[in-house]
Amino acid sequence: MRLLSWNVNSVRVRLEALRRVVRKYQPDVVCLQETKVVDALFPREAFTRMGFVDLAVAGQKGYHGVAIASRASITSRHRQALASSEDQRHLSVVTAGLEIHNVYVPAGGPLPDPRLNPAFAHKLDYLRALAAWTRSWPEPEEHPRVLVGDLNVAPLEHDVWDHRRLRRTITHTEAEVSLLEAAQDALPWVDVGRRFVPPQEKLYTWWSHRGDWRSRMQGRRLDHAWVSSALAPRLRGFQVAVEVRGWRRPSDHAPVIVDLDWPRADAAR
DNA sequence: ATGGCCGCCCTAGGCGGA
């Protein structure tokens, strides 16, 4: 079973690149963030043609929005509003026997002071609410759990290109990092990326549209994949499809891919 | 040390991204 998570920064603009990604990586489940389209205008047929038999969408006009496509049927779906916001930032499904959560954490604006910047205060509230909600989930889990998405925090020193320089930059401040860690501890979740790439090695999923992508130096790890401890022994692979960032008309995020020893989400099942 | 770009929307400059 292969899961792919990608902040596409407009699903309509990125359709051609998405088709290419799906052809190349053959994911069984695709989780998208920043779809930027209302549900009625979501390009559903394109996903059917790519072989996804079921689709769950949670969109809004212009901003945010998440979607999950699966090669197996989706047996339940849920949208969770967190931190008193109606923004479409979460969608979960049960498909192929897994409970899959797709999350888009608020970016937080430019100024890393919650008293002066309401967007940053909202981001911190959202991370707190995510942790509190996770703590309320029933134990034991009915289906093994997965959480993927653009969490907009690069927690570790080597999740950014220059730790000292980015300490006061949103995505790498102490306040965000400790709240993201609290959310991870709330289940607790296993950080898939760092199961496969040691913490002392650089690992990025995002490179700004500004600046020089070609050097590939100034990246951050903002996109994450977490699994519950029941799935940890079944982890088989992890990769960031870095080359996608260099394609024509790219998103600023690269797809994150997780391989599990788990029955494929096959339409015939 | 800074500014750089991209996609959205009542098509045009402002907003959000991070």
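The values are calculated or read from the model by the stated rules, or taken from the named source; none is laboratory data. What you see is a predicted model; the values in this text were computed from it and never measured. All Cβ positions, glycine included, derive from the backbone under ideal geometry; neighbour counts span all protein chains shown.
Computed values, structure above
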| read-out | value |
| --- | --- |
| Residue ranges of strands (runs of 3 or more DSSP E) in the range A:1-105 with at least 2 members touching a strand residue (DSSP E or B) at 6+ places or on another chain (Cβ under 9 Å) and free of Cβ contacts under 8 Å to residues at least 40 places away in the same chain | A:54-58, A:74-78, A:90-95 |
| Qualifying residue in the range A:60-75 (condition: closer than 26 Å to A:ASN152 by Cα, away from DNA strand B (no atom under 16 Å from the Cβ), buried (at least 22 other Cβ atoms within 10 Å of the Cβ) and not β-branched (Val, Ile, Thr)) | yes |
| All positions within the range A:114-135 that are assigned to a loop (DSSP other than H, G, I, E, B) and either closer than 20 Å to A:ARG220 by Cβ or of a type outside the set (D, E, K, R) (or both) | A:PRO114, A:LEU116, A:ASN117 |
| Residue list for the range A:196-216, restricted to those being at pLDDT below 95 and not charged (D, E, K, R) | A:SER208, A:HIS209, A:GLY211, A:TRP213, A:SER215 |
| All positions within the range A:175-203 that are in contact (Cβ under 8 Å) with a residue 40 or more places away in the chain and in a strand (DSSP E or B) | A:TRP189, A:VAL190 |
| The range A:228-254 residues that are on the phi > 0 side of the Ramachandran plot, paired with ones that are part of a loop (DSSP other than H, G, I, E, B) and within 16 Å of DNA strand B (Cβ to nearest atom) (beta carbon under 9 Å, 6 or more apart) | A:ARG249/A:VAL13; A:ARG249/A:ARG14 |
| Within the range A:136-154, considering residues that are hydrophobic (A, V, I, L, M, F, W, C) and in a loop (DSSP other than H, G, I, E, B), the one nearest to the chain's Cα centre (by Cα) | A:LEU151 |
| Options A:LEU111, A:LEU166; residue that is surrounded by fewer than 18 Cβ atoms within 10 Å (Cβ to Cβ), farther than 21 Å from A:ASP185 by Cα, of a type outside the set (Phe, Trp, Tyr) and within 15 Å of DNA strand B (Cβ to nearest atom) | A:LEU111 |
| Hits in the range A:188-212 - residues which are of a type in the set (Gly, Ala, Ser) and in contact with a His (Cβ under 8 Å, 6 or more places away or on another chain) | A:GLY193 |
| Any hit, the range A:130-141, residues being touching a helix residue (DSSP H, G or I) at 6+ places or on another chain (Cβ under 6 Å) and either surrounded by fewer than 16 Cβ atoms within 10 Å (Cβ to Cβ) or not charged (D, E, K, R) (or both) | yes |
| Any hit, the range A:241-257, residues being outside any loop (DSSP other than H, G, I, E, B) and exposed (fewer than 13 other Cβ atoms within 10 Å of the Cβ) | yes |
| Unmet requirement for A:VAL37, which otherwise passes all of (1) more than 22 Å from A:GLU99 (Cα to Cα); (2) among the hydrophobic types (A, V, I, L, M, F, W, C); (3) surrounded by 23 or more Cβ atoms within 10 Å (Cβ to Cβ) | (3) |
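Yes or no, residue by residue, for (1) within 30 Å of A:GLU139 (Cβ to Cβ); (2) under 17 Å from the mean Cα position of the chain (by Cα); (3) modelled with pLDDT under 95:
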residue: A:SER178; (1), (2), (3): yes, no, no
residue: A:ARG194; (1), (2), (3): yes, yes, no
residue: A:GLN218; (1), (2), (3): no, no, yes
residue: A:ALA230; (1), (2), (3): yes, no, no
residue: A:VAL240; (1), (2), (3): no, yes, no
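Residues are listed down the side, and each one gets a yes or a no for (1) aromatic (Phe, Trp, Tyr); (2) over 18 Å from the mean Cα position of the chain (by Cα); (3) under 30 Å from A:ASP261 (Cβ atoms):
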residue	(1), (2), (3)
A:LEU3	no, no, yes
A:GLU16	no, yes, no
A:ARG20	no, yes, yes
A:ARG23	no, yes, yes
A:VAL29	no, no, yes
A:VAL38	no, yes, no
A:PRO43	no, yes, no
